[in-house]
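Enquirer: Pasting a structure here, questions to come.
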Amino acid sequence: MNVVTSRPAAPEPSAAAARAARPAPGAPVAPQPRLDPTDPPVEVEPTTGAPVDAVPRRVPVRQPRWQRRGAPGGGDAGWAPIEKVHWDGTPLRDEPRRGTGRTRARREPARPTHPPDPPAGLAALLTLSLLAAFFAWVSAGPFWLAVGHSTGGTVMITECVGGGLTQRCRGIFLADGDRFQAHGVRVSGVPAGRTATGSTLPARMTGPQGSTAYADTGPGRHLRWLLGLALVAGCAAAIPRWTGATRLADERQRRWAVGLALAGPLLITVGFLAAAW
């Protein structure tokens with residue numbers, strides 16, 4: 001059944017028109033799909049599906065009229081890479097995130113300053129002060145020996161008990177030149193094979209009023225005072241921390257409290273150094 005309409009039938013193209021529609025040799029043609037499966041794969045542009053080498057690299061940028069009038073003609077001033085513009089030539093811009101303008105910087109709430117606990121602070125002060133006094137006492141004599149304030153001589157062992165770190169020895173110290181003689185002094189640094197009664201060792205004392213004769217030789221005589229004063233400094237740093245001096249709310253009071261806490265072990269050390277002189 002033939003459908004009859006009022007429109008005239010389209011004329012068939014003639015051979016001359018078909019020949020004219022064909023592109024001239026050497027003229028650029030639109031990219032054609034490669035249907036042959038033996039052809040190598042071609043990278044295509046994901047938006048249009050055309051081969052990458054057929055997509056223009058630079059496109060004109062859409063500009064306002066006032067900027068278009070004042071722009072100098074020619075060159076690549078109005079052209080931008082295709083990756084930096086939209087499909088209509090509008091340049092890409094960083095879009096603000098939602099709520100960026102409305103969000104406000106939240107201030108961290110100030111941590112409440114807890115006042116120090118008096119009983120705990122007093123207990124920590126007494127404990128650390130006693131430890132600092134002990135370390136200063138055992139370091140005073142070796143410190144003066146290390147700086148050269150000492151008297152050389154010979155000590156004779158009269159009694160030794162224990163061994164290793166628990167060894168306790170006493171003896172009689174005779175200074176060089178018979179300047180003085182000290183009885184019943186504690187002897188430090190006695191070797192394990194020289195603990196018999198009557199053994200004599202070269203030793204040093206800080207003076208006639210000293211109570212310890214040091215028979216240490218080599219680095220051991222420096223290790224005693226270095227380690228002891230380092231522990232005193234550790235106790236001084238721990239006193240303001242554990243007594244609560246660093247948690248005082250008033251800045252001036254906090255400075256005074258920390259200063260006094262650090263000055264306590266220092267004064268104790270100076271006192272023992274003066275007594276060991």
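Enquirer: Order ASP250, ASP216 by their accessible area, 1.4 angstrom probe, all chains in place, largest first.
Expert: Working: ASP250 75, ASP216 35 Å².
The ranking, largest first, comes out as ASP250, ASP216.
Enquirer: Next question. What fraction, in whole percent, of alpha-carbon pairs in segment 124-277 exceed 27 Å separation?
Expert: Numbers: 4115 of 11781 pairs.
Above the 27 Å cut-off, segment 124-277 has 35 percent of its Cα pairs.
Enquirer: Would you kindly find the accessible area of PHE134, with a 1.4 Å probe and non-protein molecules such as ligands, DNA and RNA excluded, rounding to the nearest 10 Å²?
Expert: 100
Enquirer: Pull out the extension gain between TRP256 and VAL147, defined as 0.36 nm times the separation in residues minus the alpha carbon to alpha carbon distance; nm, one decimal.
Expert: Details: separation 109, 0.36 × 109 = 39.24 nm, distance 3.33 nm.
Extra length available between TRP256 and VAL147 comes to 35.9 nm.
Enquirer: Quick one: net charge of LEU262's neighbours, Cβ under 15 Å, K/R +1, D/E -1?
Expert: Around LEU262, the charge tally is +3.
Enquirer: Provide HIS149, HIS183 ordered by accessible surface of protein heavy atoms (probe 1.4 Å), highest first. Please report the intermediate quantities before stating the final value.
Expert: On the way: HIS149 50, HIS183 125 Å².
Correct descending sequence by accessible area is HIS183, HIS149.
Enquirer: Enter the accessible area of PHE272 (Å², nearest 10), with the probe set to 1.4 Å and all protein chains included.
Expert: Number for this one is 70 Å².
Enquirer: Figure the gain on full extension for GLN209 and GLU159 (residue separation times 0.36 nm, minus the Cα-Cα span) and round it to one decimal in nm. Could the numbers behind the result be given before it?
Expert: Working: separation 50, 0.36 × 50 = 18.00 nm, distance 2.08 nm.
Value of the extension gain: 15.9 nm.
Enquirer: Zone of THR197 (label point 7 Å along Cα→Cβ, backbone N under 12 Å): which residues in segment 122-163?
Expert: 157-161
Enquirer: What FRET efficiency, computed as 1/(1 + (r/R0)^6) with R0 = 51 Å and r the Cβ-Cβ distance, is obtained for VAL270 and LYS84, rounded to the nearest 0.05? Can you show the working numbers first?
Expert: Values: r = 74 Å, r/R0 = 1.45.
About 0.10, to the nearest 0.05.
Enquirer: Per residue, how much accessible area does segment 146-219 have with a 1.4 Å probe, in Å²?
Expert: Each residue of segment 146-219 exposes 55 Å² on average to a 1.4 Å probe.
Enquirer: Considering only protein heavy atoms, with the full assembly of protein chains and a 1.4 angstrom probe, order ARG254, ARG224, ARG179 by accessible area, largest first. Walk me through the numbers before you get to the answer.
Expert: Details: ARG254 70, ARG224 100, ARG179 155 Å².
Result, largest first: ARG179, ARG224, ARG254.
Enquirer: Ignoring ligands, DNA and RNA, what percent of the accessible area of segment 162-257 is carbon or sulfur (1.4 Å)? Before the final figure, lay out each step's value.
Expert: Numbers: 3320 of 5940 Å².
Reported share for carbon and sulfur atoms: 56 percent.
Enquirer: Once the other residues with Cβ under 12 Å from the Cβ of ILE157 are scored (Lys, Arg +1; Asp, Glu -1), what is the net sum? Kindly include the intermediate steps, with their values, before the conclusion.
Expert: On the way: positive: ARG168, ARG170, ARG186, ARG194; negative: GLU159.
Residues close to ILE157 contribute a combined charge of +3.
Enquirer: Just read off the accessible area of CYS235 with the full protein assembly in place, 1.4 Å probe, to the nearest 10 Å².
Expert: 10
The values are calculated or read from the model by the stated rules, or taken from the named source; none is laboratory data. Everything numeric in this text was worked out from a predicted model, so none of it was measured. Cβ sites come from the backbone with ideal geometry, for glycine too, and all protein chains shown count toward neighbours. The area values use the complete protein model at the heavy-atom level, side chains included, leaving out ligands, DNA and RNA. Shrake-Rupley method; radii C 1.70, N 1.55, O 1.52, S 1.80 Å.
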